[in-house]
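*Asks:* Handing you this structure, nothing more for now.
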Ligand SMILES: *Cc1c(COP(=O)(O)O)cnc(C)c1O
């Protein structure tokens with residue numbers, strides 16, 4: 001949760017300024033006479049520019065972003081949407097919420113979508129594919145896109161966990177038709193809750209903008225109460241306060257990734273020749289959110305986890321929140337066939353340890369941790 005870890009005066013000053021100097025309007029739209037700024041619209045512009053995208057739509061959460069992305073592509077009740085077994089439940093919830101059918105595919109040693117499994121899972125009913133860039137590492141988007149393009153299936157990149165990451169010279173979120181990020185409290189940058197939907201497609205953006213705001217077309221010639229509409233939507237807006245914080249946090253993203261990189265590299269340098277690490281696709285720029293390695297020996301694995309807990313690093317997702325991140329455990333949402341399609345993933349994940357990279361800890365803390373783990377291995 002690096003974004004939250006470096007919240008400081010900058011965020012609180014910006015909030016103070018909103019109330020003391022800018023009129024204190026909390027709503028994204030209208031009230032023109034009372035305000036000096038439109039922070040939500042600003043935040044969207046900055047967020048689009050940052051990742052070289054034409055359009056960005058701010059919404060209330062990453063989960064809402066996924067749902068609106070699916071709706072914008074015209075995914076309907078009964079359609080199939082493919083996503084992966086190592087994930088967060090939100091992706092499945094967004095698919096289920098619109099009445100579509102989640103189709104699970106296994107992950108490989110990148111811990112992201114297996115390209116072979118994806119190929120096998122596509123049917124005539126497949127309407128969208130949601131690869132997830134889990135814990136800072138890009139999915140194999142080149143291969144996934146080739147398959148999707150050939151079958152004319154749209155891709156939504158779930159980039160809630162790898163904001164700022166790249167594959168080749170392209171930012172994650174810009175490779176598929178749509179990309180989504182989250183600003184919830186645990187993410188790379190945060191405004192408490194929130195999300196952003198990215199696309200270069202004007203028509204999709206128009207739908208997103210209207211749908212997230214009760215269908216409002218924001219017709220400039222009309223007062224809001226007389227606004228035109230062509231679809232009905234829902235309320236997935238964010239407030240000016242969230243956008244004020246989001247803007248400051250966005251300006252810190254590069255710094256956050258660099259700080260994480262320094263810490264991550266301490267572990268990487270020490271351990272890479274002694275241990276099997278998570279595979280990272282070629283030409284990736286990762287975001288150094290989590291350092292993941294595999295230990296097959298159960299006793300040793302437990303000993304390392306114990307050390308991580310004792311030294312107050314803890315683990316991230318693997319294993320501490322595995323039940324929220326592996327679809328093998330989601331029998332409250334998925335049928336037995338889907339659960340079976342998660343078994344190989346469960347087996348891979350059960351040998352993995354995920355070390356969170358925390359900005360509250362020093363670079364030396366990670367150096368020492370690397371030495372400690374190395375001692376246990378050799
Ligand atoms: C956090 C997360 C989401 C959901 O984001 P919220 O803003 O918490 O709704 C979706 N997918 C993944 C992979 C996530 O990590």
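The values are calculated or read from the model by the stated rules, or taken from the named source; none is laboratory data. All figures in this text were calculated on a predicted structure; none of them were measured in a lab. Cβ coordinates were reconstructed from backbone atoms using ideal geometry, including for glycine residues, and neighbour counts include every protein chain displayed.
*Asks:* Pick from the range 144-163 the residues that are part of a helix (DSSP H, G or I) and within 20 Å of the chain's Cα centre (by Cα): which of them is farthest from the ligand (Cβ to nearest atom)? Walk me through how you get there before you give the answer.
*Replies:* Quick first cut of the range 144-163, residues part of a helix (DSSP H, G or I) only: 144-151.
Still in the list and also within 20 Å of the chain's Cα centre (by Cα): 144-145.
On the way: 144: 16, 145: 19 Å.
The selected residue is 145.
*Asks:* Residue 242: in contact with a helix residue (DSSP H, G or I) (Cβ under 7 Å, 6 or more places away or on another chain) and modelled with pLDDT of 95 or more, yes or no?
*Replies:* On the way: in contact with a helix residue (DSSP H, G or I) (Cβ under 7 Å, 6 or more places away or on another chain): no; modelled with pLDDT of 95 or more: yes.
Criteria not met by residue 242.
*Asks:* Right, another one. Only one residue in 96, 70, 118 is surrounded by 23 or more Cβ atoms within 10 Å (Cβ to Cβ), modelled with pLDDT of 95 or more and within 16 Å of the ligand (Cβ to nearest atom), so which one is that?
*Replies:* The conditions single out 70.
This table checks each residue for (1) within 16 Å of the ligand (Cβ to nearest atom); (2) farther than 30 Å from residue 139 by Cα; (3) touching a strand residue (DSSP E or B) at 6+ places or on another chain (Cβ under 9 Å); (4) modelled with pLDDT under 95.
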{"site": "1", "(1), (2), (3), (4)": "yes, no, yes, yes"}
{"site": "14", "(1), (2), (3), (4)": "no, yes, no, no"}
{"site": "61", "(1), (2), (3), (4)": "yes, no, yes, no"}
{"site": "83", "(1), (2), (3), (4)": "yes, no, yes, no"}
{"site": "92", "(1), (2), (3), (4)": "yes, no, yes, no"}
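*Asks:* What number of residues in the range 245-268 are farther than 22 Å from residue 8 by Cβ and in contact with a helix residue (DSSP H, G or I) (Cβ under 7 Å, 6 or more places away or on another chain)?
*Replies:* Number satisfying all stated conditions: 2.
*Asks:* Sticking with this one: Of all residues in the range 164-174 being surrounded by fewer than 22 Cβ atoms within 10 Å (Cβ to Cβ) and part of a loop (DSSP other than H, G, I, E, B), which is farthest from the ligand (Cβ to nearest atom)?
*Replies:* The selected residue is 169.
*Asks:* Specify which of the listed residues (6, 82) is touching a helix residue (DSSP H, G or I) at 6+ places or on another chain (Cβ under 7 Å) and farther than 25 Å from residue 145 by Cβ.
*Replies:* Unique residue meeting the criteria: 6.
*Asks:* Additional query: Among (1) assigned to a loop (DSSP other than H, G, I, E, B); (2) under 16 Å from residue 134 (Cβ atoms); (3) in contact with a strand residue (DSSP E or B) (Cβ under 9 Å, 6 or more places away or on another chain), where does residue 344 come up short?
*Replies:* For residue 344, the exception is condition (1).
*Asks:* Does the range 202-238 hold any residues that are under 14 Å from residue 56 (Cα atoms) and surrounded by fewer than 13 Cβ atoms within 10 Å (Cβ to Cβ), and which are they?
*Replies:* 202, 203
*Asks:* May I ask you to verify whether residue 199 is buried (at least 22 other Cβ atoms within 10 Å of the Cβ), more than 16 Å from the ligand (Cβ to nearest atom) and under 22 Å from the mean Cα position of the chain (by Cα)?
*Replies:* Considered against the rule, which asks whether it is buried (at least 22 other Cβ atoms within 10 Å of the Cβ), more than 16 Å from the ligand (Cβ to nearest atom) and under 22 Å from the mean Cα position of the chain (by Cα), residue 199 comes out as yes.
*Asks:* For the range 31-59, how many residues meet the condition of being within 14 Å of the ligand (Cβ to nearest atom) and surrounded by fewer than 19 Cβ atoms within 10 Å (Cβ to Cβ)?
*Replies:* Summing the residues that are within 14 Å of the ligand (Cβ to nearest atom) and surrounded by fewer than 19 Cβ atoms within 10 Å (Cβ to Cβ) in the range 31-59 gives 0.
*Asks:* Separate question: Within the range 175-226, track down each residue that is out of contact with any strand residue (DSSP E or B) (no Cβ under 6 Å at 6 or more places or on another chain) and in a helix (DSSP H, G or I).
*Replies:* The answer is 202, 203, 204, 206, 207, 210, 211, 224, 225, 226.
*Asks:* Can you tell me which residue in the range 123-136 is nearest to residue 89 (Cα to Cα), limited to those that are away from the ligand (no atom under 12 Å from the Cβ) and in contact with a strand residue (DSSP E or B) (Cβ under 7 Å, 6 or more places away or on another chain)? Reasoning before the result, please.
*Replies:* So the first thing to find is which residues in the range 123-136 are away from the ligand (no atom under 12 Å from the Cβ), and the list is 123-129.
The next check asks that each one be in contact with a strand residue (DSSP E or B) (Cβ under 7 Å, 6 or more places away or on another chain); those that pass are 123, 125-129.
Details: 123: 23, 125: 22, 126: 20, 127: 20, 128: 17, 129: 16 Å.
So, considering only residues that are away from the ligand (no atom under 12 Å from the Cβ) and in contact with a strand residue (DSSP E or B) (Cβ under 7 Å, 6 or more places away or on another chain), the one nearest to residue 89 (Cα to Cα) is 129.
*Asks:* State the number of residues belonging to the range 113-140 that are in contact (Cβ under 8 Å) with a residue 40 or more places away in the chain and either under 18 Å from the mean Cα position of the chain (by Cα) or closer than 21 Å to residue 319 by Cα (or both).
*Replies:* Result for the range 113-140: 12.
*Asks:* Now for a separate question. For the range 180-195, give me the residue count where each residue is buried (at least 21 other Cβ atoms within 10 Å of the Cβ) and more than 16 Å from residue 71 (Cβ to Cβ).
*Replies:* So the answer is 9.
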